[in-house]
Amino acid sequence: MKGPQVGTGQVRHARLRPRAHAFAYPTFFLLLPMRALRAEGSGALPRNRPAALSFHDADHGDGRGDALAWLDEVLRREGITDADGEAWLHCYPRVLGYAFKPVSFWYCHRADGTLRAVLVEVNNTFGERHCYLLDAPRWGGEQVARKVFHVSPFCRVEGEYRFRFLLQQERRRTVVRIDYHDGDGLLLQTSVSGTLQPATAAALRAALCRHPLLTLGVIARIHWQALRLWLRRLPFHRKPAPPTGLLSR
């Protein structure tokens, strides 16, 4: 792949207990080669400026105007010095000037194109952010991170996430699967999948026409599903204090 991509697909989520609960929604997302964007510009995708659909660096990391510089600082601080190839960012765009990105994925490659690390960037609805750094991952393999960050009031901050990342370049398709295990075993299964195409002006317009209220829809659906769980009387857990650091690994 070359240049910014737009992916069109689905978000799926299933809770296995104490009551089964599942849903699936259509969605779209961006897959951005951040080093190429720095060198060559973002093409048809508006970057760091107002537009109906845009990407803003300040929506990631520590909020600075250069998210790639933040990523490189994090990697160096964590002793990862060979992720000097492309850094692909899988994320939602800003739509109509508004962004909420429940989870974004930074795929950090070596100069030879092999995958070196994945940084999983999580935002909750309380305005908090935490990142999980997965060291030495491989496509299709399982990567594990201990859960330390509050996301849902219907889950305790305990247990672990198990990630799988798939990239089928021939089919231009990407899949991320996240299984959450608490003390009693598998509780949640989530996936984000989509078919990729170059982020031309026409492709971005088409995605926006299909999902003109993408960000508001994400927020509304989060709260709607939470209401459904509350009405079904699932145990509710108050939000604990966030982690003291932005990153865990």
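The values are calculated or read from the model by the stated rules, or taken from the named source; none is laboratory data. Predicted model, so just to flag it, every value in this text is computed and none were measured. Heads up, the Cβs are rebuilt from the backbone with ideal geometry, glycines too, and the neighbour counts pull from every protein chain shown. Heavy atoms of the whole protein, side chains included, go into the accessibility calculation; ligands, DNA and RNA do not. Shrake-Rupley method; radii C 1.70, N 1.55, O 1.52, S 1.80 Å.
Numbers for the structure displayed
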| item | result |
| --- | --- |
| Number of positions in the stretch 226-249 that are more than 19 Å from the chain's Cα centre (by Cα), outside any loop (DSSP other than H, G, I, E, B) and surrounded by 11 or more Cβ atoms within 10 Å (Cβ to Cβ) | 4 |
| Residue identified as within 18 Å of Pro102 (Cβ to Cβ), assigned to a loop (DSSP other than H, G, I, E, B) and out of contact with any Ser or Thr (no Cβ under 7 Å at 6 or more places or on another chain) among Val148, Val157 | Val157 |
| Selection count where residues are small (Gly, Ala, Ser) and either outside any helix (DSSP H, G or I) or closer than 17 Å to Ala24 by Cβ (or both), scope the stretch 202-225 | 2 |
| Evaluation of Gly141 against (1) farther than 27 Å from Pro242 by Cα; (2) open to solvent by 10 Å² or more (accessible area, probe 1.4 Å) (one fails), failing number | (2) |
